[in-house]
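Below: one structure, written as structure tokens.
The values are calculated or read from the model by the stated rules, or taken from the named source; none is laboratory data. None of these values were measured; they are calculated from a predicted model. Reconstructed Cβ throughout: ideal geometry from the backbone, glycine too, with neighbour counts over all protein chains shown. Remember, those area values only see protein heavy atoms, side chains included, never the ligands or the DNA or RNA. Shrake-Rupley method; radii C 1.70, N 1.55, O 1.52, S 1.80 Å.
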Amino acid sequence: MKKITLKNNIRYLYILFVSFIPSSIFAQATLEFTSGAGNPTGNGPTVANQVITFQKNTNNPTGNTFTAYTPTTTATFSLTNQQRTMIPSPNVGLMFGGTTSNSTGAVVNAFTLFPLVNGAGAPTNTIFTSGNSSAGTGIDVTANRNVALYLSLRPLYENGAALPTVGNPIRHQYADLVITFNRAVNNPIIHFSGCGGSIGSAGSYNINFTPEFELITSGLSLTRLSGSTEFSVPNSTEILNSAVLPNAATGSGAMSGSVMVNGNNITSVTFRVYIKGVHPNQGQALYWTQAITSQSGDVFTMGVSLSDCLAGTTAPSLSGTTITNTCPTTTVDLNSIHTGTTPSGSSLVWFTNNTHTGAAYATPTAATAGTYYAFYYDSTNNCYSSASNAVIVTVNTCSAVCTGTTAPGIQ
């Protein structure tokens, strides 16, 4: 008779149970922009703040199952420090939800405030990277949405702004775009889509142009995650269009892509917005707008993704990788070499391995000899940051000290 033990039965049932659990249960969810949740449904043009409520994508990066997220997390897009004015309403050069026209008064035509990601520049999914996702995954351009902006060239035309010359592009500052979060976040990912345009037709362009961006929030930096060939992040603060002739289609002159803003406990991010004009040198007249009734410019979009792990992805920073006891104490305080800022909603924990396997080390303030790794831990979402460098603890033997004795008398 074949013997089947209770232990083997339990193991079999466990394996059977796990095999039927969707892989999405184990995936780290992401906060993204999509329709619903009271997000904008109308059109611009407007300079009013645009408030977007994040929703949780529970099966990112392969699916689009969105649910409400707690705590409610919002990003407010606002425009400040406007440098360019014009006669047509809303009388400034950078706005939400506008587009070009060719009508009396050079009016700004309406455009949806919160379009799909592919609503400007026709990018594909692989251009973008969402939170908790490998490069080029996590964003679905037919499900995720961005905030639409319109950069009008009309102010440059009305005010006689300098034009580029052959081989010498020119940049003009427009405004500051501020993204404010209602709670502190870590390492937000910003998506840009469809940055670039032109006046004229292929081979006969009058001017080519593109928005460009400078991160001006002190203490933060940028890392390029993915993007079109034009999407250039040459340093820690700039996002530039590297196309020889910027244009409207992603991959053919328009830049689209994703950058991470590196930092913990971020409450706002500010980008300075510029327009770069390029002389196409194609034998045509050069101008910012082609007629007195023309409203020319560029529609582009921006969005944000967040990891729902409050611990973020940045490893704890440490002042050293070795630590030794000071006698008479025979243990060390691992926390004493932590020099970083613990992200809001998380705690500093230590493990004896770099994969946070098993239980966290129970007594980090009284650690014995061994090798340890620090993590930030989000207990609400049960997730960790990256591991710190290994820390080696050495405990030296302390000599016994005689106290409280009296020397014997001499007889």
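Between T80 and T365, the C-beta separation translates, for a Förster distance of 56 Å, into a calculated FRET efficiency of about 0.80.
On the beta carbon distance between N353 and T322, with R0 = 25 Å, the FRET formula returns roughly 0.85.
Peptides 289-298, 187-196 ranked from most to least packed give 187-196, 289-298, packing being the mean of other C-beta atoms within 10 angstrom over each peptide's residues. Across the stretch 274-288, coupling constants 3J(HN,Hα) worked out from phi with the 6.51/-1.76/1.60 Karplus curve, θ = phi - 60°, read 10, 10, 10, x, 10, 6, x, 6, 10, x, 10, 4, 9, 7, 7 Hz, and Gly and Pro carry x. Using the average count of surrounding beta-carbon atoms within 10 Å as a protection proxy, the listed peptides 167-179, 205-217 rank, highest first, as 205-217, 167-179. Positive-end ranking of A110, A369, T180 along the dipole of the chain, with charges on Cβ about the Cα centre, is headed by A369. Shape summary: the stretch 97-167 maps onto an equivalent ellipsoid whose semi-axes, from the alpha-carbon gyration tensor, are 32, 18, 9 Å in decreasing order. A straight chain from S134 to A122 at 0.36 nm per residue would run longer than the Cα-Cα distance by 2.2 nm. Just so you know, the Cα atoms of the chain work out to an Rg and Dmax of 28.3, 121 Å. Between S35 and any residue 5 or more places off or on another chain, the built amide H atoms are never under 5 Å apart.
Working note: Karplus 6.51/-1.76/1.60 with θ = phi - 60° gives the stretch 102-117 the couplings 9, 9, 3, x, 6, 5, 8, 6, 6, 8, 4, 6, 9, x, 4, 4 Hz, where Gly and Pro are set to x. Which angle between 0 and 90 degrees, to the nearest 10, do you get for helix 6-19 versus the longest principal axis of the chain when only C-alpha atoms count? Long axis of 6-19 versus the principal axis of the chain: about 10 degrees. Ranked by solvent-accessible area (1.4 Å probe, protein heavy atoms only, all chains present), the residues S89, S346 order from largest to smallest as S89, S346. The order of the peptides 123-130, 369-376 by mean Cβ neighbours within 10 Å, most packed first, is 123-130, 369-376.
Once the other residues with Cβ under 15 Å from the Cβ of V185 are scored (Lys, Arg +1; Asp, Glu -1), what is the net sum? Summing Lys and Arg as +1 and Asp and Glu as -1 gives -1.
Only Lys, Arg, Asp and Glu carry charge here, each on its Cβ (+1 for the first two, -1 for the last two); on that basis the stretch 65-200 has a dipole of about 80 debye about its Cα centre. Assuming charge only on the beta carbon of Lys and Arg (+1) and of Asp and Glu (-1), the dipole of the chain about its Cα centre is about 820 debye to the nearest 20.
Cα centroids of the stretch 168-185 and the stretch 275-329: how far apart, whole angstrom? If you average the Cα positions of each part, the centres end up 9 Å apart. Close amide H partners of T73, meaning residues 5 or more places away or on another chain with modelled amide H under 5 Å apart, are F54. The mean accessible area for residues of the stretch 118-216, using a 1.4 Å probe and ignoring ligands and nucleic acids, is 30 Å² per residue.
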